[in-house]
Amino acid sequence: MESSGSESQSNQSESSVCLDTDPLCDNLVRQLQQSLGDCLNDNCFPDDPVWPPGEREKRMEQRQHPRLGNTLWCLCGNCIAMPTIRESVCCREVEKLQKHYNEDCTCITTVLDMLQLCINKHFLEFTIRNSGRVKLRQLQDDYNRCMRKGAYRSFTTWTHGILGPKTRIPIPSCVVRLVRNNYPDPHGHYVGFREATDNPAEDMAFEDTF
Ligand SMILES: [Zn+2]
Ligand SMILES: [Zn+2]
């Protein structure tokens, strides 16, 4: 019994370490294994980039989505291609704006009430200053960006009323275009349909500071 037990141990040792029974070889292999650490659970490429959960699927969806890279979804004729699906919204798709459309008015950017309250320079300056969120110096230093934020915020309130801080509703692409045309980036950082220096309009509308 004893001899069969020790034989089995010896066989195990041979098969798991080295077929060669040379003790010197055994020793070298053992040292090598120890220096490598836990090979089975070791991550061979610990610095390999890994997609955050859902990110890969999101990018694939965006690449293939029929709204991206075109304005085929626009019903008002004034929208521009936007960098994300969420921003690719036409004013005609917004339920709360439907009351403004008729034979003469096919786009919200032609509604006088909206232009007066959300785009008009003097009114917008007054609204921004009156909000208490920006000092005169800030407005002067970063005028067009402050005006874009103010315009997006005014448009959101004009359309949907006062929203909670976590409720964000995309601003129609035609309105974004109008606001950018009226208050462009002073450095002209526009790359194709992307405006590199601007955040999405809906985010700008809800930023706490101007
Ligand atoms: Zn449109
Ligand atoms: Zn429109």
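Filter region 118-149 down to the residues that are among the aliphatic types (A, V, I, L, M) and within 29 Å of the chain's Cα centre (by Cα), then identify the one that is modelled with the lowest pLDDT. Taking the candidates together, the pick is V134. Scoring C76 on the criteria (1) more than 15 Å from ligand 1 (Cβ to nearest atom); (2) assigned to a loop (DSSP other than H, G, I, E, B); (3) within 22 Å of Y183 (Cβ to Cβ) leaves a single failure, condition (1).
Return a yes/no flag: does region 93-106 have any residue that is part of a helix (DSSP H, G or I), more than 29 Å from the chain's Cα centre (by Cα) and surrounded by 11 or more Cβ atoms within 10 Å (Cβ to Cβ).
yes
Consider L72 carefully, then state whether it is touching a Pro at 6+ places or on another chain (Cβ under 9 Å) and within 16 Å of ligand 2 (Cβ to nearest atom). So L72 passes the test.
Within region 87-101, can you find the residues that are among the acidic types (D, E) and within 12 Å of ligand 2 (Cβ to nearest atom)? Scanning region 87-101 gives a single hit, E93.
Within the option set I108, I119, I128, I85, being within 14 Å of ligand 1 (Cβ to nearest atom), under 19 Å from A201 (Cβ atoms) and among the β-branched types (V, I, T) holds for one residue only, I108. Restricting the search to region 158-177, which residues are under 17 Å from T71 (Cβ atoms) and more than 11 Å from ligand 1 (Cβ to nearest atom)? Scanning region 158-177 gives P170, I171. Among the residues making up region 171-186, those that are at pLDDT 90 or above and either out of contact with any Phe, Trp or Tyr (no Cβ under 7 Å at 6 or more places or on another chain) or assigned to a loop (DSSP other than H, G, I, E, B) (or both) are I171, P172, S173, C174, V176, R177, L178, R180, N181, N182, Y183, P184. Scanning region 150-169 for residues that are modelled with pLDDT of 90 or more and either of a type in the set (S, T, N, Q) or crowded, with 22+ Cβ neighbours inside 10 Å (or both) yields G150, A151, Y152, R153, S154, F155, T156, T157, T159.
The values are calculated or read from the model by the stated rules, or taken from the named source; none is laboratory data. Small disclaimer: the values here were computed from a predicted structure and weren't measured. Cβ sites come from the backbone with ideal geometry, for glycine too, and all protein chains shown count toward neighbours.
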